[in-house]
1. Averaged per residue, what accessible surface does segment 108-175 expose to a 1.4 Å probe, in Å²?
2. Which order do the peptides 86-94, 166-174 come out in when sorted by mean C-beta neighbours inside 10 angstrom, highest first?
3. Computing the accessible area with a 1.4 Å probe over protein heavy atoms, can you report the carbon and sulfur percentage for segment 69-111?
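The values are calculated or read from the model by the stated rules, or taken from the named source; none is laboratory data. Only a predicted model underlies this, so the values are computations on that prediction, with no experimental measurement involved. Neighbour counts run over all protein chains shown; Cβ positions are idealised from the backbone, glycine included. To get the accessible areas, we keep the full protein, side chains included, count just its heavy atoms, and leave off ligands, DNA and RNA. Shrake-Rupley method; radii C 1.70, N 1.55, O 1.52, S 1.80 Å.
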Amino acid sequence: FFFSSRRRHTRLQGDWSSDVCSSDLVTNSFGCKSNCQKPILIVPPAPCTLFGETSVCAKSVNTYYTTTVATGTVYQWSLVDDAGNPISPDIASFVNATNDGPSVQVRAGSGAGNFNVVLVENQPGKCPLRCIIPVVINPLPVASATKTDALCNGATNGTVNLTVEGGTPSYTYLW
């Protein structure tokens, strides 16, 4: 017998069906051919979910975490823009120098903006998981006050004028 092998392995992005096949072609010395198809099982990725605030105040510190905790897992955190590029520390930064656990703290920058918190989990013997949570930074309101002192102790002729700008209306006041 003469054996020639032709193998075709195809995986379409996002196609996790089990109907993708590998074909082996066998030809004997008389030119008779036989196909043998074997299904290839492509295991779908496990669900990957991040938890944390998606709308935060400027200059706030927020915690993001995953509940996928397994022995030997390597956690790789990053902060990126919508195109996947690393963001400037002015937009957001990690609070701690090492971010290799199932949770991380992120400090939002001082202005409005947005970014994505990304976690890649590498578990031994499994495909890497990639989780993303989009975050919007809301600007802080700026308050300024002017006053007129009361003329005498106990008098009611003093005033305070408060002006608020920026931030995200509507505002509430606590006197």
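1. 69 Å²
2. 86-94, 166-174
3. 49 percent
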